[in-house]
1. So which residues in the stretch 238-262 are touching a Pro at 6+ places or on another chain (Cβ under 9 Å) and not in a loop (DSSP other than H, G, I, E, B), if there are any at all?
2. Given the residues G367, G313, which is the only one that is of a type in the set (G, A, S), in contact with a helix residue (DSSP H, G or I) (Cβ under 6 Å, 6 or more places away or on another chain) and within 27 Å of P129 (Cα to Cα)?
3. Can you run down the residue pairs with Cβ atoms below 8 Å, 6 or more apart or on separate chains, where the first is in the stretch 320-344 and in a loop (DSSP other than H, G, I, E, B) and the partner is of a type in the set (V, I, T) and at pLDDT below 95?
4. Quickly run through the stretch 65-93 and pick out the residues that are exposed (fewer than 12 other Cβ atoms within 10 Å of the Cβ) and either on the phi > 0 side of the Ramachandran plot or in contact with a Pro (Cβ under 7 Å, 6 or more places away or on another chain) (or both).
5. Look through T111, T62 and report the one residue that is modelled with pLDDT of 95 or more, away from the ligand (no atom under 16 Å from the Cβ), among the hydroxyl-bearing types (S, T, Y) and open to solvent by less than 30 Å² (accessible area, probe 1.4 Å).
6. Could you list, in sequence order, all residues of the stretch 67-100 that are basic (K, R) and within 16 Å of the ligand (Cβ to nearest atom)?
7. Right, V103: among the aliphatic types (A, V, I, L, M), more than 9 Å from the ligand (Cβ to nearest atom), crowded, with 22+ Cβ neighbours inside 10 Å and closer than 29 Å to F326 by Cβ or not?
Amino acid sequence: MSIVSNSLKRIKPSPTIAVTSKAREMRAAGKDVIGLGAGEPDFDTPDNIKEAAIQAIKKGDTKYTAVDGTPILKKAIQGKFKRENNISYEVDQISVGTGGKQVLYNVFMATLNPGDEVIIPAPYWVSYPDMVLLAGGTPKIVKCSEENEFKITPEQLKKAISKKTKWLIINSPSNPTGSCYTKKEIENLSKVLIGSKHVFILSDDIYEHITYDNFKFFTIAQIHTLKDRTLTMNGVSKSYSMTGWRIGYGAGPKDIIKAVAKIQSQSTTNPSSISQAAAVEALNGTQDFIKTRSDSFKERRDFVVKTLNSINGLSCLKPSGAFYVFPNCKNLLGDKTKLKTDKEFVEKLLEKAEVAVVQGSAFGLDGYFRISYATSMDNLKKALDRIKSFCESLVKQ
Ligand code: PLP
């Protein structure tokens, strides 16, 4: 009999981490691999934030804190929601965790019973289905088409809701597609949700600050009638280049927030006291660099999308957010290239061209792959040249 639990057998390791490890191995073996697989900004954490952490250490903020966040950080989060989203939360409607990932995991652990369904629009962030499975729930995957910019439509949502639906996940801007829901699109989904009072909404806003072309970010908790059924997750990882600090937060109904803290109290206790102090500075300090960094991401997005669309066999939408694009490679699959799946496509790309990307099927939609352009322009130029030659060689065979 295996020592491994049954619930663990239901899940698989993160495919994005698998690609990153494979690329690392190849690099260690002397290969010149360019990684376009990582889900983190290549910029460093701004100095004012680092300084706040140094001061916290010097002041002795080095002890346990309240399980779900220091009062001062909760106040900063409360201020952020009011200032940026015009949403009012009381402090006991806010919970801080070790990254947004822990907040999501705790929410599912705290709310799912066997048989409960979670609607997950695909392509999705790889961790959602596995977290739901670990918590004993059932992922209900809804495949969203490229024609709809990979976003769930009100008709699809209506069809997916059953008596067993507990949550709908909305992730905008999206990982892996970069697609963003407009205010109108959120309002149209809300019309379906208002009639389904048993459905809660989990809004993953982690890429909120990485948007382009004057996109106006809108989050579903801004719809008054849905606020009491919405758990908004956000964090400092992507907006402030703080992936290693591990601070994320959730805001929503008090009973869920209380349940989340209960789980955290029996697992990790508080997130790092020093990281919490740094997050206070991130949220309360200058926000100037957000614009500069987004401008730099935009330049890369424009370059990547234009180049991909110039390659025979590939096509790519131009998304308004995050630092990912999700090109279509269906024309390069099949008899003429002898590559049957997107997984084979990315494996060959890594082997022959030494460029690491992640197959669309890992995100729940076949025939695509994800590029993260959170790397230097030099790297992107080199990588895109290689992708172009690789695709040309496939057709010439
Ligand atoms: N949600 C999405 C869509 C993400 O892409 C990520 C990180 O990759 C997270 C949540 C988790 O972020 P954190 O680093 O704060 O745990």
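The values are calculated or read from the model by the stated rules, or taken from the named source; none is laboratory data. All figures in this text were calculated on a predicted structure; none of them were measured in a lab. Here the Cβ positions follow ideal geometry from the backbone for every residue, glycine too, while neighbour counts run over all protein chains shown. In case anyone asks, the SASA skips ligands and DNA or RNA and just uses the protein heavy atoms, side chains included. Shrake-Rupley method; radii C 1.70, N 1.55, O 1.52, S 1.80 Å.
1. G248
2. On the way: G313 fails: within 27 Å of P129 (Cα to Cα).
Just one listed residue meets the conditions, G367.
3. The qualifying pairs are K336/V395; T337/V395.
4. Result: N86, single match.
5. Only one candidate qualifies: T111.
6. K80 - this is the single residue of the stretch 67-100 that is basic (K, R) and within 16 Å of the ligand (Cβ to nearest atom).
7. Working: among the aliphatic types (A, V, I, L, M): yes; more than 9 Å from the ligand (Cβ to nearest atom): no; crowded, with 22+ Cβ neighbours inside 10 Å: yes; closer than 29 Å to F326 by Cβ: yes.
Judged against the criteria, V103 is not a match.
Quick grid of which residues meet (1) touching a helix residue (DSSP H, G or I) at 6+ places or on another chain (Cβ under 8 Å); (2) more than 29 Å from K262 (Cβ to Cβ); (3) in the same structural domain as P271 (by TED's automatic domain parsing):
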| position | (1), (2), (3) |
| --- | --- |
| A23 | yes, yes, no |
| G30 | no, yes, no |
| G37 | yes, yes, no |
| A53 | yes, no, no |
| K59 | no, yes, no |
| K75 | yes, no, yes |
